[in-house]
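The structure appears right after this line, and notes come after that.
The values are calculated or read from the model by the stated rules, or taken from the named source; none is laboratory data. Source: prediction; values computed, not measured. FYI the Cβ positions are ideal-geometry reconstructions off the backbone, even for glycines, and counts take in every protein chain you see.
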Amino acid sequence: MPSFLQRLLDQIQEQAWFQQLKAKWDELDAQSKLYLQWAASAAGVLLVAWIFIGTAWNVHSIRSEIAEKDELLRLLRSANDEMGELKEQIPSAASGGSSAGQPLKDYLGGLANMAAVPPASVDVSNEKVGTPREGSKETLAQVTLKKINVRQLVRFIFQMENGARPVKLRNLEVATQSDESGYLDATLQISTFVVKTD
């Protein structure tokens with residue numbers, strides 16, 4: 001036995017509490033000693049089992065956390081891929097630079113088509129002149145999208161705000177359908193700008 005451990009055992013044996021425990025142990029009969037040994041063994045087994053279960057639970061928690069992070073990473077990569085696809089589609093939106101002279105309804109209809117929103121679901125109304133600005137003309141309008149899903153709405157807004165024509169979303173109201181189809185109706189208040197030619 002290493003000298004350090006021997007010195008430690010010697011110091012423990014010299015303690016008063018150890019001497020008292022040893023004296024009480026010596027006073028016990030053989031059967032009581034046997035019961036105590038069994039109890040100590042059972043306590044040791046329970047302690048080992050508790051440590052094992054605690055370790056297994058920690059491993060399970062870590063694995064669950066890793067699985068959640070992997071799923072989140074997968075979703076982020078998928079979203080990044082979709083953003084890349086959308087950005088590739090942007091240059092072709094509404095004939096590029098010619099969109100300035102294109103009617104707003106036609107322009108937004110082209111964006112809706114790229115967002116997989118049926119033309120019949122798109123309505124542009126309440127067009128009016130916005131705040132006068134030097135060098136540009138602002139048009140305010142209301143866009144109503146009927147019976148679409150969340151994915152179509154997000155794609156349409158992305159196309160609208162990143163298209164060839166500057167369009168700003170001022171307000172958005174979403175209402176679910178009364179049936180259980182999962183579709184929704186969305187009302188968008190927008191403003192768009194075109195450069196003045198005169």
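Is it true that E138 is surrounded by 14 or more Cβ atoms within 10 Å (Cβ to Cβ), more than 24 Å from the chain's Cα centre (by Cα), over 25 Å from D81 (Cβ atoms) and modelled with pLDDT under 85?
For E138, the condition - surrounded by 14 or more Cβ atoms within 10 Å (Cβ to Cβ), more than 24 Å from the chain's Cα centre (by Cα), over 25 Å from D81 (Cβ atoms) and modelled with pLDDT under 85 - is met.
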A164, sole failed condition from (1) touching a strand residue (DSSP E or B) at 6+ places or on another chain (Cβ under 8 Å); (2) surrounded by 15 or more Cβ atoms within 10 Å (Cβ to Cβ); (3) closer than 16 Å to A112 by Cβ; (4) among the aliphatic types (A, V, I, L, M): (1)
The range 167-191: number of residues that are in contact with an Asp or Glu (Cβ under 9 Å, 6 or more places away or on another chain) and modelled with pLDDT under 85: 2
Residue count, the range 145-198 (criterion: outside any strand (DSSP E or B) and without any contact (Cβ under 8 Å) to a residue 60 or more places away in the chain): 20
